[in-house]
Structure formats: structure tokens, C-alpha cells
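The values are calculated or read from the model by the stated rules, or taken from the named source; none is laboratory data. Being a predicted model, the structure only gives us computed values, none of them experimental. Because the Cβ atoms are built from the backbone with ideal geometry, glycine has one as well, and the counts that use them run over all protein chains shown.
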Amino acid sequence: MSTQQKGLTPGKPPIWNDPHYRALFFQVLLIIGLGVFLVYIVNNTLANMEARGISTGFAFLNERSGFDILQSLVPFSADSTYGKTFIVGLLNTLLITALGIILATILGFIIGVARLSKNWLIAKLATIFIETFRNIPLLIQIFFWYFVVLRAMPSARDSLSIADSFFLNVRGMYIPSPVTGDGFIFTTIAFVIGIIAAFIMRRWARNRQFATGEQFPVFWTALGLIFGLPLLVFVLTGSPLTWDLPVLERFNFAGGTRIIPELLALLIALSIYTAAFIAEIVRSGILAVSHGQTEAALSVGLTPNQNLRLVVIPQAMRVIIPPMTSQYLNLAKNSSLATAIGYPDIVSVFMGTTLNQTGQAVEIIAMTMAVYLTLSLTISVFMNWYNAKMALVER
Amino acid sequence: MRKSVFLGLAAAVMFGTSASADTLETVIKNDHVKCGVSTGLAGFSAADEKGDWQGIDVDVCRAVAAATLGDASKVKYTPLTAKERFTALQSGEIDILSRNTTWTLTRDASLGLNFAGVNYYDGQGFMVSDKLGVKSALELDGAAVCIQAGTTTELNLADYFKANNMEYKAVTYDTSDQTIKGFEAGRCDMLTSDQSQLYSLRIKLAKPDEAVVLPEVISKEPLGPVVRQGDDKWFNIVKWSLFAMVNAEEMGVTKANAKEMKDSKDPAIQRLMGGQGEKLGLSDDWSYNIVSQVGNYGESFEANVGSGSPLKIGRGLNALWSKGGLQYAPPIR
Ligand SMILES: N[C@@H](CCC(=O)N[C@@H](CS)C(=O)NCC(=O)O)C(=O)O
């Protein structure tokens, strides 16, 4: 409210009667009250813990942990600190969340579309999939994939193998890992250039189509740029890449990359469970686009494929994205069930073992809660941004 | 200004009430002892077919209930995983933690807890599948090991493999049930835990004969009941309930003869069977109630983990000091 306006209004009440300032005053009061209450709670807790001889503070993060962790994306040993256990657990949580979201989305879209298929069998199979996995508690599914399926796996010596380079056994999955040689960097550079070139090409093709109406095979050209170009460079530089194959040792395989069964079981359970929900969201999104749109699209001469890609999906996305956000949030939070099968996520490692070894429950639980809060907010913010972007397509 | 006074006052009130809470008073008011036990470990603490808790750790809780409430059955059990146990005790959810818990410096000094004695001297051992044909833990370089989270086991294992320059993969589970399932499924080559517990885990296997316990003992695991720090009266009660059981064994007082022994001419036995209660804030028949309802230490041992049980563990370190073991209780006088 500007001062000019105030001057023009002779009957203006005094400041303490002004509803605007009054509201502000009470809000400030509330915030102060809340702050004081928080400080009080924290102080009180610290004082109480001190009186009971419980250690407090964050100094423990610099102490030696003394235990080992099954899977770690950064170097870790028993000599690493408790602080490092936080990082290891956090990265493992992020890994399972990211992989789970990608897999659940792909699977969910396929099954959602399949349920609408005109093919009776495919539609029924999709329905059975959805109804089964949506209605069984997630924890039971995790136990199923871990204990039941794991038990059925052969021992290391009798591993299932493909071409003697991929192995599957009770200890996990073993795949060859690439070892890059001299000059591989050029292939990487070619790959990056390919991606950038594809983007430029797409923009050029779009502008040209707007101007002249002529179409350009964007997809195939992009494919060529992104994969063909690096492949060409790779061959020209003398194929500087070898594979480190897993080899059987006394107890297990060495070499290659190992994917632990805990990760596999958790990933399968989480993505299938979430995919069942996503499939329903996708189906309802597609059904929400009125059939008139399809009829109109076909009547102007678009192929059914183009209709799906250019007319139906973009409109369906606007219905799909908001509920998708909550599925992603669920997946992130459900990943904490990892602790039930010993996948070393942040709950299992940090809020479990580290908490128990140090006894600093308040600090550790606060840190873990902060992680999930940040993770959830990040997913929300990203999805809101994406939603806003998709909504702009509306004309 | 006024706010900070209010703050200080309120903090003092909270502080005052929670820090000096009198556990004995609470127990008498509730008419039961809240006892934290394992989620099921035969011989130590496990519910039988009828749902009654049995075990050497359970007997400690029963002894405390007998001493404080005159009835050993007035115990409420809370099954806890290794990870949960200390928080449960700190937060006051339980009055005693009696769950095969190792006494270590960190736990004693930084968790706000006190260990009230040792009711079982143990050490960490290894169990492997028969098929591996391994005779010693030193042949286990590169093995995958099933363990339980939040235990001393995790730490000892890391130390042992490091000291012997060996590699391993730790597969860490929450409960002993999952640990044993992982081992059975072949997820790991070996399972490690306190040696006594290996025997009770072994009988849970579908085919116990296919697992062998290796001879190595790699650590000291004195297991005992734990209470909150800052309540010395309660600390004393738990401590002396355990001592009363050990002293009873030493003096030959058993569940069966406790009644006659009440009239014994031996002053030491007289003191055990009556008197002294007031000093602990208990009635005079506190220790008589323990022995007559729960039995002495030896009886509890034999019935739960010894010859009278499927575990058949020998007394070993847990024999009385006078018989070459480590069980030694200060005198009741
Ligand atoms: N004594 C060790 C280990 C105690 C422990 O938890 N051992 C496992 C054996 S695998 C157990 O008793 N589990 C029973 C349960 O989970 O309830 C300690 O205090 O850290």
C-alpha cells in the first residue's frame, strides 16, 4: 500500500488497527514464538542428554568407524570415519532411487499403454500385472525377490552364464567392466559433440519445418550423430577398449563389475511395485484425452503413430505428471526398506550401524531426516518445473 | 528477559523430572518390570510355544521382578534388534536391557548406560557350511560374511580380517532371523557372532549338521544386563539380583532347598536368605524370592543353555571362580 494512497484516505485507521499491519504483526509473533520454542526444545534435549551421560555433538563424524560396508560408490574401509559412512549410505540411497525411478517409469509407461491395447491378451496380462503388484505389500515383495528368488539361484561354482562373461549366482550378477585404453578420450569427445550437434540439428529442422513445411528425419539423424559419430572415431583410433571379465576364484568371482543381490532385489521390487501405480496413472492420462482429438488428428492426415506422439501423449502428460511426482516421492521413501534385506542405504548404514555404534541418536536421526527432506523437495521442485514446462504447450 | 526466565524454569522442570526418574518407583507403580530382550535367541531369550519367554537373559529380568515385586512373572518383555536396544533403554521404554549385550568402554561411557555385571562370558566365533571344508578362519580370505547390524561382531570382524591381512564382504542384516536365512540361502560363506549364539542359531538351520563352528574365538564378549545411568538405586538392585544368584550357587542354595535353607545356621546363608533388603530399598525376602522362584545361577545356566537344554554348552568360563571359571560375586554382607 503506497503512502500516496494513505494520504488520500482521510479516514485511515491508526497503524495498530490497520488489518495489513495487524496480520503482519501476528505472523512475526508466530515465527518468533516458533523459533523460541525450537531453541527451547533443542536446549532442553541437550541438557537432558548431558545429564544422563549421553554424548552429544557432531564430533563423532570424524572418528574411525571400524566396520565395513557391502557396497560403496566411493572408496571406504573400516579405517574411514563415521562421516564417510553418511556419504556412502547417502550415495547408495541416491543410486537405488535414481535407478528405481528410471526403471519404474519405463515399465509403468509400457504397461499402462499395454493395458489399453486392442489385443485382448496383452491388455489382460497388463491388468493382471497391475492388480497383483499393486495389492501386495512392498515389504513382502522385497522379501520374495530377495529370499525366495535368491535361494533358487545357483552357487558361485554353478553360475548361470552367458558367453562366459556374464554370470548370475546367489552372490549377485557379474558383468564385464570396460577398461579404456589410450585415445579413448576421442570417442568420448565425439559422443559429446554428437549430442550437441543433434540438438542444433533438431532446432534447425524445426525452424525449417515452420518456415517451409518440409520435414526432416530428425530421429535417425540424431541417432547417427550421437552413436554413429563416436563409433566411427572409436574404430579410427584403433578400438582402444578392452573388457575386464569376471573370473571364478576360491569363494567367488573376481574382476568385472559386481551387482550385489541386495541391490537387484530391492531394485526389482521397488520398480515393479511403483510401475504398477504408474501404469494406472498413464492409462488414466491417456483416457483423459478426448477421442475427438484423435479423430481430428486422423482427419487432418496424421498417421496413428503421429497422433499418439504429437497429439495424445503431450496432452496426456499434463494429467500424468502431477500424480507421478508423488509416485517418485513414494519410491524415494520406500527405498528405506532396504534395511530389511541388508542393502546398505542411509537408513541401514547410518541410522542403523553408525547410530548403534555411537549412540548419537538425535544427531543421526536429524541428519537422516534432512536427507529425505532434501531428496523429496528436490524431486518435487524438479517435477513442478517439468510440469510447468509441459503445461506451456497448451494453446 | 522474562522469556529466558521462563525458558530456564521450564528446562529445569523437564530436566528435574526426567533425569532423576526413580525406576524402582515406576516399576512398583506399574507392577511389572519392563525388560528388553532379543527377538528370539534360544537359550538367551526366546518365547516358547506358549509364548512365555525363556532363557538365561530372561532369568535376570525375572530375578529383578522377584526382588522388587516378589513375583518373578511380573515382567513385560520387549523384543529388540541389536540396533534398537540402546535407544529403547535410553528413552525409558524399558527398565533393563538383558539381551546378550557386550560390555564395552564406548557403550558404558558414552551412551548414558551402566552395565550391571556379566551373566555370560562369551567370545566371537565363526560358523561355516560343511561343504566348504574349511578348518580354520584363516582360510577364509575373500569370503562373504553374514553378520547382524549394530553389534560388536561387526567391529571385531573388521579388526580380525585386517590384522590377518585378509579381505571379506560383510552382508549386514537387522535380525538374527534374516542373518540365518541369508546364510542358509548361500548368500555368505560364513556367519559370525558370539560363539554361544552360533550354537543357538545353528539349531535354527533346516540341517544343523551341515554347518560347523570353527575353533577360533577372536574376541572377549562379556554379556550382561544394562540399566540407565543416573539411577544408582536401580543400578544396585539389578547388580545385586545377579550377584544373589551367583552367591546362591556358591552356597549350594537352590530353588528346591531354598525354603529349608532359610533356617540354616550358616550366617552367610542367613544373610542371603533374609535381611539386607532395606539397604537396597527392597523388602527383606528379596533374595529368597529370587532363588526360590528363579533358582541360582548354575540352575539357570544348565536349564537354559547347559546340559538341560538343546544347546548343551559347557560351563567353561562361566563356571564359578571356585571351579576354575570367572563367575565371582561380591559377598552379601
Ligand atoms: N554381543 C554382541 C552381539 C549381540 C547380538 O545381537 N547377536 C545376535 C546374534 S546374530 C543376536 O543376538 N540376535 C538376536 C536378535 O536379533 O534378536 C553385542 O552386544 O553387540
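One residue stands out in the stretch B:158-180 among those that are at the interface with another protein chain (Cβ under 8 Å from one of its Cβ atoms) and within 15 Å of the ligand (Cβ to nearest atom): the one that is surrounded by the fewest Cβ atoms within 10 Å (Cβ to Cβ), namely B:159. One residue is enough: does the stretch B:35-51 have a residue meeting the conditions among the basic types (Lys, Arg) and either within 15 Å of the ligand (Cβ to nearest atom) or in contact (Cβ under 8 Å) with a residue 60 or more places away in the chain (or both)? No, the stretch B:35-51 has no match at all.
Among the residues in the stretch B:88-96, are any at pLDDT 95 or above, of a type in the set (A, V, I, L, M, F, W, C), within 16 Å of the ligand (Cβ to nearest atom) and under 25 Å from residue B:34 (Cα atoms)? Looking for residues that are at pLDDT 95 or above, of a type in the set (A, V, I, L, M, F, W, C), within 16 Å of the ligand (Cβ to nearest atom) and under 25 Å from residue B:34 (Cα atoms), one finds at least one in the stretch B:88-96, hence yes. For residue A:307, the criteria (1) over 26 Å from the mean Cα position of the chain (by Cα); (2) surrounded by fewer than 18 Cβ atoms within 10 Å (Cβ to Cβ) hold in every case but one, which is (2). Within the stretch B:112-121, can one find any residue that is more than 9 Å from every other protein chain (Cβ to nearest Cβ) and farther than 30 Å from residue B:240 by Cβ? The answer is no; no qualifying residue exists. For the stretch B:181-204, a tally of residues being under 25 Å from residue A:352 (Cβ atoms) and away from the ligand (no atom under 12 Å from the Cβ) returns 7. Might you check whether a residue that is surrounded by 11 or more Cβ atoms within 10 Å (Cβ to Cβ), within 38 Å of the chain's Cα centre (by Cα) and either at pLDDT 85 or above or within 23 Å of residue A:362 (Cβ to Cβ) (or both) occurs anywhere in the stretch A:15-23? No: zero hits. The residue that is farthest from the ligand (Cβ to nearest atom), among those in the stretch B:208-233 that are part of a loop (DSSP other than H, G, I, E, B) and away from chain A (no Cβ under 14 Å), is B:215. Of everything in the stretch B:121-149 that is within 16 Å of the ligand (Cβ to nearest atom) and surrounded by fewer than 22 Cβ atoms within 10 Å (Cβ to Cβ), the residue that is farthest from residue B:208 (Cα to Cα) is B:121.
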